[in-house]
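Read-outs: derived from the displayed coordinates by stated rules, not from any lab. Predicted, not measured: the structure shown is a model, and the values here were computed from it. Reconstructed Cβ throughout: ideal geometry from the backbone, glycine too, with neighbour counts over all protein chains shown.
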Amino acid sequence: MARPGDAAGRRPWTLHRGNALLLVPPGLFLLVFFFWPLLRVMARSVIEPEFGFENYARVFGSGPYVRVLWQTIETAGIVTVLCLILAYPLAYAVARAEGTRLKLLMIFVLVPLWTSVVIRSYGWMIVFQRQGVLNDLLLSLGLTETRLTLLPGSLAVHVGMVHIMLPFMILPLIASMRGIDHSLLRAADVLGAPPHRRFLEVFLPLSLPGVSAGVALVFMTSLGFFITPALLGGPQLMMAAVLIEEKANVELDWPFASALATTLLLITTALYLVYLRLTRGASPLLGR
Amino acid sequence: MADPRTLEILPERGEARAPASGASLSLEAVEKKYGGLVALARTDLDVRPGEFFGLIGPSGSGKSTLLGMIAGFVPPSGGRILLNGTDIVSLPPYRRNLGMVFQNYALFPHMTVAENIAFPLRMRKLQRGEVETRVRRMLEIVRLAGLGERSPAQLSGGQQQRVALARAASYDPSLLLMDEPLGALDKNLREEMQYEIKRFHREIGATVLYVTHDQDEAATMSDRIAILNQGRIVQVGRPRELYEAPATSFVASFLGEANLFEVAAVSQSSPPRLRVETKDGLTLSANQLAHFEAGAVICVRPEAIQIAKSAGAAANVLSGRVLDVVYTAGSLRYRVEVAGGRVVLVRRPLQRQAAVMEVGSPVYLSWDVSDTILVPNS
Amino acid sequence: MSGTASSRMARWAFAVFVGLCLAYLLLPSLIIVPMSFSSQSYLSFPPAGFSLRWYQGLAGNSAWRDAAANSFLIGVPAAFIAVALGTLSALATERGGLRWATAGVALIVAPMMLPHVILAIGLYPVMLDLGLLHGYIGAIIGHAVIGLPLVFVSVSAALRNYNPALELAAMTCGADRVRSFLHVTLPMIRIGILGGGILAFATSFDELMLSLFLTNTGTRTLPRLIWEQLNDFLTPTIAAVATLIFAFSLLLLAALAVFGRSARGMPTSLALATAETAAHG
């Protein structure tokens, strides 16, 4: 009930008053345990062993490191494109399915996702090793005469990474495809569009938000990926995260590792910002 | 206590009303601006205790903003909102002790009907026994007794509406806000619910502020109506007043249908009467009592016009040709073209014996001087 | 009509393509399970013989038991922290009327988008300074950081999916902000919170990179032990571990499906949030 003391002069009550306070605990947490560590890495790259950009000179100098960075970007790109090509038809099939067929297909997509990455990469090791499944198959079909050394190798890395990343491309695509209003497709039919035109001019453009979310997710994840390239790539196809881990954990060259990490961070952040700008913050990856 | 308002009530609405226990509501200089955009201009309004007060207007007229400020969701940019004399602007909604019925009912889907109605009572820390008694009473009042254990999803639209009513009023608030509560219902159901809500209002005795875009609904249910347009209250009054004496041409055409004519020139004629020439080139007769002048607007209601094959002896007669005739439930609606290409709307009740004027037939339109209404501000 | 013949062939080709993709998706998982029952001590496929010796070996091996225990000891608290902080963030950005909401969201989701290796080598010195290095708390915090965005996305989606007027209605009924949250908002987003929590746990359970830097032999998690074993000894023991983890993951997935059945609008958004699990090894 209104109390006599509540006279005019006090500011009107607002619905959102104090809501910003809710962000304080998570904000502090992330500040201390996410942003501060990132800053420390960046700082270390220019403070140790001496002030200056010596570490970066080494990164971009005549050594193999630029090649590693380049390979990382290249591999990430190839993996993304391959994922898109494979995932789009698959997502289309799932998006159109109903009932038991839908559940079954979703199981096919979700089960690998929920299987540990380490384990799946291990599975690919078994496939590609000299005594492995693929060599057995090739020999028995008579396609090769000796056992091929595919592991470590770039084919193994690509196949393995595409396998791991595929669900991450499929799910955003499914989500966006299922969100397409069927009456739009029916309108296209009524207006006389043949199936392929209907697909190209109505369905495809409407599925683009899912495409961009999937591409962004797969590409950025592939850039920083560790397990699969570590197990399947070896020195032949080394990716940035593997190199950084080695420099830090094995060689204990932290300043240099920090420089490499900062470079990777800047590349990934640039892509993140581009993605944010393109989608104006309205992306399923962000929950909105 | 002889309430002067009860004398105005038409027979079908008039049972002796319970003594008003509703709150008085006053808006003083209340306004809402979003940056440069004025959602509601400085407004003053007085709602009397126990009144059923309608707020109508087109979309964007500010009625929802007004309701939102009274409820507490929208902070006013200025002014005071007085509930029983106390300014509530700095109070959150949960301390204003009002009830609200939302457009889509906003029933809590994870609670049963009874739990929904009990919710505000629990928030006020009433005892279990008291809560149960009140819930049962409310269910009886809205005639949903026995459905307490259902979930809202299992009820029809009309039933959900009644649960929303019950929940809003279960703790006897002195002010009830209703935001287009019947918008989602089909026509027959809506009329039935209008009756239910009025009956509810009489039993509860609270003051009701009822927002709707359906002016028929507002006219049927309200004791008084405020009509808004573009963020301003244009006119306040009883439905009949608004209909018979609209303050502006907007009110004239918003509430019911209107034939509007602009005055070109005025002169005297006999018997003491004004001869009005309109800008369309028509000549009409009006009462001396009104102050007509060039530039004013005249309103003639379609229901006031007679249509016949021969000219009658009425003061206003126009000859014309029927353009089309439409049957609506209970009435005929004619569009008649008169001199100067002007189209006049005529609405006649549908009677078995009355002849229907056919399209294309020449007809005469006639009406009384008293039905030539002056609209003060255009 | 030639149109139908060619479109039928196209449909057939499409079906074959999809089938091959599905096989590709399941292949490695299906290889490992039979392998764990092999009677030989080298990795081969198809496995030779049938034996449960690797599972029996696991039962007696304290290293694996400890690692599994550690995974839970770290994963469960990390999930709880992620749930608490992620839900708060989602409430603030979805209901808060904040002006910089989009920027805030981008920052909150960043741990999910940026490579974990950078966070790992950044958290190492921070934990060292705090004296939490190689202990449980340090690892829990690290895992909570990467779990937070998952909960955030899941709860945000749940909040978007239901009518904000419900909270307004609660307030007109006399519930203040805390009580309208407890009685109205929370029951409605319960599924989103739960789903996000399970995802956060699953992510932690599968997280390798952070564990490499933040744990030691005493606190190491399952992924880290597997990693060490993979580089050193390649026996079907790994396959047995992998199969068990696989079974456990399926259980989690099933639990999620059971809870998700009663929620509307959750499947696609949750599936989407699922899309962020465990890849950042």
Taking Cα atoms only, helix B:128-141 is inclined relative to the longest principal axis of chain B by an angle, in degrees rounded to 10, of 20 degrees
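Loop only per DSSP, at most 15 neighbouring Cβ atoms within 10 Å: give me the chymotrypsin sites (Phe, Trp or Tyr not before Pro) in segment C:31-99, ordered by residue number.
C:42, C:50
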In this structure, the FRET efficiency calculated for residue B:220 and residue A:184 from their beta-carbon separation, with R0 = 45 Å, to the nearest 0.05, is 0.65
Classified through the alpha carbon gyration tensor (a ≥ b ≥ c as square roots of its eigenvalues; rounded if a/c is under 1.5, else prolate when a/b is larger than b/c, else oblate), segment B:4-246 comes out prolate
Magnitude of the Cβ-charge dipole (Lys and Arg +1, Asp and Glu -1) of segment B:257-375 about the Cα centre, nearest 20 debye, reported as 300 debye
Quick calc: nm separation of the 7 Å Cα→Cβ label points for residue C:72 and residue B:143 -> 6.0 nm
With +1 on the Cβ of every Lys and Arg and -1 on the Cβ of every Asp and Glu, the dipole magnitude of segment A:95-157 about its Cα centre, in debye rounded to the nearest 20, is 200 debye
If R0 = 56 Å, then residue B:232 and residue A:100, at their Cβ-Cβ distance, give a FRET efficiency to the nearest 0.05 of 0.40
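Place a +1 charge on the Cβ of each Lys and Arg in segment B:4-246 and a -1 charge on the Cβ of each Asp and Glu, then give the dipole magnitude about the Cα centre in debye, rounded to the nearest 20.
640 debye
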So for segment C:82-159, using the alpha carbon gyration tensor with a ≥ b ≥ c as root eigenvalues (a/c under 1.5 gives rounded; past that, a/b versus b/c decides prolate or oblate), I'd call it prolate
Note to self: Kirkwood Rh of the protein assembly as shown, Cα pairs, one decimal, Å, is 33.4 Å
Charge dipole of chain A built from unit charges on the beta carbon (Lys, Arg +1; Asp, Glu -1), centred at mean Cα; most positive-end Cα among A:33, A:66, A:240 is A:33
Taking N as the residue count of segment B:76-141, its alpha carbon Rg divided by 2.2 N^0.38 Å gives 1.39
Counting only DSSP loop positions in segment A:194-281, the trypsin sites (Lys or Arg not before Pro) whose Cβ has at most 15 other Cβ atoms within 10 Å are A:280
With chain C reduced to its Cα atoms and the Debye formula applied, log10 I(q)/I(0) at q = 0.10, 0.12, 0.17 1/Å amounts to -0.67, -0.88, -1.30
Helix B:113-123 sits off the longest principal axis of the Cα atoms of chain B, rounded to the nearest 10 on a 0 to 90 degree scale, by 70 degrees
Flagged as over-length at 29 Å C-alpha distance, from B:187/B:309; B:63/B:198; B:187/B:279, the pairs are B:187/B:309; B:187/B:279
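From the square roots a ≥ b ≥ c of the eigenvalues of the alpha-carbon gyration tensor of chain A, which class results: rounded (a/c under 1.5), prolate (a/b over b/c), or oblate?
oblate
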The ratio Rg/Rh over the Cα atoms of segment B:184-269, Rh being the Kirkwood inverse mean 1/r radius, stands at 1.09
From fewest to most C-beta neighbours within 10 Å, the residues B:324, B:214 line up as B:324, B:214
If one builds a Gaussian network model of chain C from Cα atoms under 10 Å apart, the most fluctuating residue listed among C:200, C:78, C:165 is C:165
By Cβ neighbour count within 10 Å, fewest first, A:254, A:70 rank A:70, A:254
extent check for segment B:257-375: Cα max minus min per principal axis, descending, whole Å, gives 40, 25, 24
Fewest to most Cβ atoms within 10 Å: B:111, C:209, A:125 sort as B:111, A:125, C:209
